[in-house]
Amino acid sequence: MKLVVFLICSITLCMVSADISELRKTYPKANASEQVTDELFTKLSPISKTDDAVLVAYKGAVSTLKAKYAQGLRNKKDFFKSGAELIEYAVATQPKNIEIRCIRLGVQENSPKVVGYKESIEEDKGFLLYNFADVSSEEIREFVKNYALQSSVFDASEKQLFSGR
């Protein structure tokens, strides 16, 4: 019986890991594609605050992107607000997680000024700069590096810190 439970847990963990890997590759494409945003939104809809904080952050980020494509001011506001709340929850749950902080930085950098969601840009930028060298996961390093290199938040000398190893 213990073996069956172990196998089920192992398979589930592998599926979640594969999903996060795919999410890291697909998420950057969502900003430029309503279709990708909708697909990710549907895929992440079962995620709740009881799930992994990284998944919660991605769900929040995708929700803020749904606001970009939503019809009507009310719908735009609702998508963005619920997404920002999920991101903030994820940061509060795992404040030292560089991937979550990178997600929040990306959303804040790209959010319209009118929504007022820009208060942690400098904090998250500093966090990424200070902690990037300590990231052991090559996949997460690549995700953060790719974001930083295209971001307007980082200047040329800061971007060099992400390029070298």
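The values are calculated or read from the model by the stated rules, or taken from the named source; none is laboratory data. Quantities reported herein were computed from a predicted structural model and do not represent experimental measurements. So basically every Cβ, Gly included, is an ideal-geometry build from the backbone, and we count neighbours across all protein chains shown. To get the accessible areas, we keep the full protein, side chains included, count just its heavy atoms, and leave off ligands, DNA and RNA. Shrake-Rupley method; radii C 1.70, N 1.55, O 1.52, S 1.80 Å.
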So which residues in segment 53-84 are out of contact with any helix residue (DSSP H, G or I) (no Cβ under 7 Å at 6 or more places or on another chain) and open to solvent by 60 Å² or more (accessible area, probe 1.4 Å)? Lys68, Gln71, Leu73, Arg74, Asn75, Lys77, Asp78, Lys81
Looking only at residues in segment 113-129 that are of a type in the set (D, E, K, R) and touching a residue at least 12 places away in the same chain (Cβ under 8 Å), which one is surrounded by the most Cβ atoms within 10 Å (Cβ to Cβ)? Asp124
Whichever residue in segment 48-100 is among the hydroxyl-bearing types (Ser, Thr, Tyr), out of contact with any Phe, Trp or Tyr (no Cβ under 8 Å at 6 or more places or on another chain) and part of a helix (DSSP H, G or I) and, among such residues, is modelled with the lowest pLDDT: Tyr69
Search result, residues across segment 15-34 that are surrounded by fewer than 11 Cβ atoms within 10 Å (Cβ to Cβ) and either more than 26 Å from Ala92 (Cα to Cα) or at pLDDT 95 or above (or both): Ala32
I want to confirm something. Restricting to segment 130-157 and keeping residues that are within 19 Å of Pro28 (Cβ to Cβ) and charged (D, E, K, R), which single residue is least open to solvent (accessible area, probe 1.4 Å)? Arg141
Count - residues of segment 29-47 that are in a loop (DSSP other than H, G, I, E, B) and either closer than 23 Å to Asn97 by Cα or in contact with a Pro (Cβ under 7 Å, 6 or more places away or on another chain) (or both): 4
